[in-house]
Amino acid sequence: MLHTKLRSAAVVVGLIVLGIIAALILYFFQVFNRSDHFLPGVTIAGIEVSGQSEAEASVAVERSLNNAYNTKIAFYKDDYTYSTTLGFICQTVDVNATVGEFMKQERRRDWKRKILNMDGANEVSYPINIQYNRDRLREIAGEWVGYLQVEPQDARLEMDSRKGLVVVPGQVGRIIDQKATFKQLPQRWQDVSNDLNIAIVLEERQPAVDEESLSNMGELAQFSTWYNAGEVDRSHNLAKAAAKINTSVVLPGQIFAFNRTVGQRLVETGYRDAMVIVNGKFEPGLGGGICQVSSTLYNTCLLAGLKIVERHNHALAVSYVPLGRDATVSYGVQDFRFQNNTASPVYIRSIAGGGKLSITIYGNLDYKQKIGVSHVVDKVINFTTVHKTDAALPPGTQKVDHKGIPGYVVRSFRTYYDDNGKAIKTEQLARDSYMPLNQTIFDGPAIVQPPPAEEPPPVEPTPVPVPEPLPEEVPPGENTGGTI
């Protein structure tokens, strides 16, 4: 009897347990396996969405984010403050798409973990990262520049009328560190709760050229050329280009580019028409005269021992520098470039006036060298004189349109000397070819000679009658003949 009762009790207990298990299974399928609701313990961007449908969760998240967009941000440094909102500098969240993606992740979540977290004790968090608008960040950082940023100022050389070359100290700069500043902003929406105060980070920036690097400075080389100051437009272009390169500092290892420094030759930038060489002949062109500046600089660099990176000769020989020592430039086509191959900055002083252009290169006197530049003419190509008739000229006269220029094949050299004047190294710089420019002479019409005058016919002399002599008297009684 007792055994039967125990057996009945066991059956009852078993049925109860089975009922509980069945209830749990039913609960799981009805609650935890529902595909349109979030399970207990789920948060999105810190917002509780347990038991909510996808649409309900989207509304809750949208409401929270709208509040977060209005979060005030104060960027500050010392007495300066710049105010904005989080919504201005971040990208708007596509809430429906984001919540929909989280719902998909929920459905893929391990069912065992779902069962173990039936009470929602363990939070399942789906964070939403804040995506910042980089253009807006750069925009607001640009607003700070005028108030906070100080560009470093390089130490520089100036020519003092009494002291000569003097060093002007540089200045340490303060540059806004945007990366370090914006790194302080919250990265997830759930981390946004109160208004934000962000310190603007400034980075100290040392000048590229300091006083020490300009110590022991002196003249490394100087070269001058002459020009006709009466050619007003050419002189204007030359002086303008000379001023552009004046006070240039070239750091160790840096390459100086003439075209980049002088800029494009345009009417808008102040250049004028003057004679230039085009296709082997002289004709007016914008910026004529600038090549004399690049050629003078080239010769100064040669004498200073600097490395020539790019240089081109003219098509025709020019008169302002020796053969093989010119350097033509054409913006975007041909450039003159040199590299500072010393361990100290070099400084360019370029002065034009009164028909004289002088360029001096200063640098550390430890790098001053004794250098000579020479050339050898391998070939001379004579020009041809071409005669053309010009009916507008007076007859029998001539006018030289332009003088002829011989062509040449030239090799140029740079020689280094020791302190005793002995050559220690010679390098060939270039082998240049210059074409001849034919001389053109315009001839006026030939002088027309008048025809010779006709000679008159010979004149016959008019006969003059000669009187016959009277007969002599006959003495009386003498018979003279005749009849009577």
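Summary of values
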quantity: Inter-label distance for Arg162 and Ile351, nm, one decimal - labels placed 7 Å from Cα along Cα-to-Cβ; calculated: 1.8
quantity: Per-residue Cβ neighbour rank within 10 angstrom, fewest leading, Trp226, Trp189; calculated: Trp226, Trp189
quantity: Fewest-first ranking of Thr384, Thr269, Thr440, using other Cβ atoms within 10 Å as the exposure measure; calculated: Thr384, Thr269, Thr440
quantity: Over 30 Å (Cα to Cα) - which of Lys281/Lys370; Lys356/Lys425; Lys163/Lys422; Lys240/Lys281; Lys163/Lys240; Lys281/Lys425 fall in this group; calculated: Lys281/Lys370; Lys356/Lys425; Lys163/Lys422; Lys281/Lys425
quantity: Region 308-457, relative contact order [Cα under 8 Å, separation at least 6], %; calculated: 25
quantity: Separation of alpha-carbon centers, region 121-172 and region 265-314, rounded to whole Å; calculated: 37
quantity: Efficiency of FRET between Arg188 and Glu143 - r from beta-carbon atoms, R0 30 angstrom, step 0.05; calculated: 0.70
quantity: Selection from Gly230, Asn194, Met217 lying farthest towards where the dipole of region 168-247 points positive, charges on Cβ; calculated: Asn194
quantity: Simple spin-label estimate for Asn67 and Asp378 in nanometres, 7 Å along Cα-Cβ; calculated: 8.6
quantity: Dmax and Rg, reported as Rg then Dmax, of region 399-451 (C-alpha, Å); calculated: 23.6, 80
quantity: Inter-centroid distance (Cα atoms) of region 69-101 relative to region 414-444, Å; calculated: 68
quantity: Taking the convex hull of Cα positions in region 216-443, its mean projected area over all directions (nm²); calculated: 14.6
quantity: Total formal charge among the other residues, if their Cβ is under 13 angstrom from that of Tyr132, Lys/Arg +1 and Asp/Glu -1; calculated: +4
quantity: Footprinting exposure proxy for Tyr347, Tyr227, Tyr417 (fewest neighbouring C-beta atoms within 10 Å first); calculated: Tyr417, Tyr227, Tyr347
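None of the figures in this text is laboratory data; all of them are computed from the coordinates on show. Please read these numbers as outputs of a predicted model, since none were measured by experiment. As a convention, Cβ positions derive from the backbone with ideal geometry for all residues, glycine included, and neighbour counts pool all protein chains shown.
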